[in-house]
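Engineer: Pasting a structure here, questions to come.
The values are calculated or read from the model by the stated rules, or taken from the named source; none is laboratory data. Bear in mind that the values here come from a model prediction, so they are computed numbers and not experimental data. No Cβ is skipped: glycine too gets one built from the backbone with ideal geometry, and neighbour counts run over all protein chains shown.
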């Protein structure tokens, strides 16, 4: 299978590209920033360039992972956020329709306002409260309108990427390893999405041809405080590292965050695809493996899938 991946230099795109290549796929990775010997430069906002990639490579599927994901940057630069997250998605959806190619788009729990007491399901109506969520919601709408052959995968708090991981889990691991006290927010709740668990399910999903919206989240709901506690436990650092619960008002941010980013997967198993594992199971594996990589070098990453059973 020939796969074109946008955002291939990012934490999710890189994980998926490596996984697909190990499983016999031919992959063309595109990114605007993280260009390498495996990823070529390409701007999803440039329709002519994207069309040239599709015509030259003739992919069997397009995995659209490129996005502006910095929530506060989006809030301060809404025009830039819409150009990347909406216009770029519109270009790719139009090409997917024109050349009859299935499109996989990664969306976000941020399309919801976070006020629902229960977890959000796939059929709940989006109600974003920040610019980033609004761009993802509008991209979902545009893609659904332009091409029937789409998979919209809503992720939540993303974890993964190893050396590319700059998000919450990686920061907490570094703080614990440095012996620092950890402060973590206790009044926001969400789901986790581990990049390696997503990568493991992309090909089975493509094979279903069951197009539509899916919640790609690990089982269970959690606060950042509980994540930090679990990381300390996984690193056997409970005797030396304290985790202090704090409220989000101590971290003033430009963009408002939903109180809940809890998503419930109701569809994967219906399509014959195994649900993502529990968040604490995947977190334990990731934390211990990531810690080993930090100690022994990035070459340890190469065979991590062969050592892990999902």
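Engineer: Only residues that are within 23 Å of residue 63 (Cβ to Cβ), touching a residue at least 12 places away in the same chain (Cβ under 8 Å) and assigned to a helix (DSSP H, G or I): list them for region 97-133, please.
Structural biologist: Matches in region 97-133: 97, 109, 110, 111, 132, 133.
Engineer: Can you tell me which of (1) surrounded by 22 or more Cβ atoms within 10 Å (Cβ to Cβ); (2) over 19 Å from residue 152 (Cβ atoms) is the one residue 43 doesn't meet?
Structural biologist: Going through the list (1) surrounded by 22 or more Cβ atoms within 10 Å (Cβ to Cβ); (2) over 19 Å from residue 152 (Cβ atoms), residue 43 breaks only (1).
Engineer: Across region 167-195, what is the number of residues that are farther than 19 Å from residue 260 by Cα, part of a loop (DSSP other than H, G, I, E, B) and touching a residue at least 24 places away in the same chain (Cβ under 8 Å)? Break it down into steps so the answer makes sense when it comes.
Structural biologist: In the first step, residues of region 167-195 are kept if they are farther than 19 Å from residue 260 by Cα; the result is 170-183, 195.
After this cut, where a residue has to be part of a loop (DSSP other than H, G, I, E, B) as well, the list is 178-181.
Narrowing the set further to residues that are touching a residue at least 24 places away in the same chain (Cβ under 8 Å) leaves 179-181.
Matching residues across region 167-195 total 3.
For every residue, the table says whether it meets (1) surrounded by 19 or more Cβ atoms within 10 Å (Cβ to Cβ); (2) in contact with a helix residue (DSSP H, G or I) (Cβ under 8 Å, 6 or more places away or on another chain).
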site: 95; (1), (2): yes, yes
site: 100; (1), (2): no, no
site: 119; (1), (2): yes, no
site: 124; (1), (2): no, no
site: 128; (1), (2): yes, yes
site: 132; (1), (2): yes, yes
site: 144; (1), (2): no, no
site: 149; (1), (2): no, yes
site: 155; (1), (2): yes, yes
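Engineer: (1) surrounded by 15 or more Cβ atoms within 10 Å (Cβ to Cβ); (2) within 18 Å of residue 104 (Cα to Cα); (3) out of contact with any helix residue (DSSP H, G or I) (no Cβ under 6 Å at 6 or more places or on another chain): which one isn't true of residue 1, the others all being true?
Structural biologist: Only one criterion is unmet by residue 1, namely (1).
Engineer: Looking at (1) assigned to a loop (DSSP other than H, G, I, E, B); (2) at pLDDT 95 or above; (3) under 21 Å from residue 215 (Cα atoms), find the lone condition where residue 139 falls short.
Structural biologist: (1)
Engineer: Same structure, new question: Among (1) surrounded by fewer than 21 Cβ atoms within 10 Å (Cβ to Cβ); (2) under 16 Å from the mean Cα position of the chain (by Cα), where does residue 26 come up short?
Structural biologist: Here residue 26 meets the rest and fails (2).
Engineer: Just the residues that are surrounded by fewer than 16 Cβ atoms within 10 Å (Cβ to Cβ) and not in a loop (DSSP other than H, G, I, E, B), please, taken from region 31-40.
Structural biologist: Correct list: 40 only.
Engineer: Considering each residue of region 48-71, count those that are farther than 15 Å from residue 3 by Cα and within 17 Å of the chain's Cα centre (by Cα), and give that number.
Structural biologist: Total satisfying the criteria: 5.
Engineer: So residue 117 ticks every box in (1) over 17 Å from the mean Cα position of the chain (by Cα); (2) farther than 25 Å from residue 5 by Cβ; (3) modelled with pLDDT of 95 or more but one. Which box is left unticked?
Structural biologist: (3)
Engineer: What is the one condition in (1) in contact with a helix residue (DSSP H, G or I) (Cβ under 9 Å, 6 or more places away or on another chain); (2) surrounded by fewer than 24 Cβ atoms within 10 Å (Cβ to Cβ) that residue 83 does not satisfy?
Structural biologist: Evaluating residue 83 over (1) in contact with a helix residue (DSSP H, G or I) (Cβ under 9 Å, 6 or more places away or on another chain); (2) surrounded by fewer than 24 Cβ atoms within 10 Å (Cβ to Cβ) leaves (1) as the failure.
Engineer: Also, quick follow-up: Could you list, ordered by first residue, the pairs with Cβ atoms under 9 Å in which the first is in region 237-249 and farther than 16 Å from residue 178 by Cβ and the second is at pLDDT 85 or above and exposed (fewer than 10 other Cβ atoms within 10 Å of the Cβ), at least 6 apart or interchain?
Structural biologist: Nothing qualifies.
Engineer: Among the residues of region 233-253, which ones are in a loop (DSSP other than H, G, I, E, B), exposed (fewer than 14 other Cβ atoms within 10 Å of the Cβ), on the phi < 0 side of the Ramachandran plot and modelled with pLDDT under 95? Reasoning before the result, please.
Structural biologist: Let us first name the residues in region 233-253 that are in a loop (DSSP other than H, G, I, E, B), namely 235-242, 247, 251-253.
Retained after the next criterion (residues that are exposed (fewer than 14 other Cβ atoms within 10 Å of the Cβ)): 236, 238-240, 242, 247, 251-253.
When the remaining residues are screened for being on the phi < 0 side of the Ramachandran plot, the result is 238-240, 242, 247, 251-253.
Across region 233-253, the qualifying residues are 238, 239, 240, 242, 251, 252, 253.
Engineer: Among the residues that make up region 48-71, is at least one of them assigned to a loop (DSSP other than H, G, I, E, B), surrounded by 17 or more Cβ atoms within 10 Å (Cβ to Cβ) and without any contact (Cβ under 8 Å) to a residue 60 or more places away in the chain?
Structural biologist: Within region 48-71 (the criterion being assigned to a loop (DSSP other than H, G, I, E, B), surrounded by 17 or more Cβ atoms within 10 Å (Cβ to Cβ) and without any contact (Cβ under 8 Å) to a residue 60 or more places away in the chain), the answer is yes, since at least one residue qualifies.
Engineer: Just name the residue that is modelled with the highest pLDDT out of those in region 157-166 that are surrounded by fewer than 18 Cβ atoms within 10 Å (Cβ to Cβ) and part of a helix (DSSP H, G or I).
Structural biologist: To start, the set of residues in region 157-166 that are surrounded by fewer than 18 Cβ atoms within 10 Å (Cβ to Cβ) comprises 163-164, 166.
If we keep only those that are part of a helix (DSSP H, G or I) too, we end up with 163-164.
Details: 163: 77, 164: 80.
Only one residue tops the list, namely 164.
Engineer: Kindly indicate whether any position in region 260-270 is surrounded by 14 or more Cβ atoms within 10 Å (Cβ to Cβ), closer than 29 Å to residue 26 by Cβ and more than 15 Å from the chain's Cα centre (by Cα).
Structural biologist: Yes, some residue in region 260-270 is surrounded by 14 or more Cβ atoms within 10 Å (Cβ to Cβ), closer than 29 Å to residue 26 by Cβ and more than 15 Å from the chain's Cα centre (by Cα).
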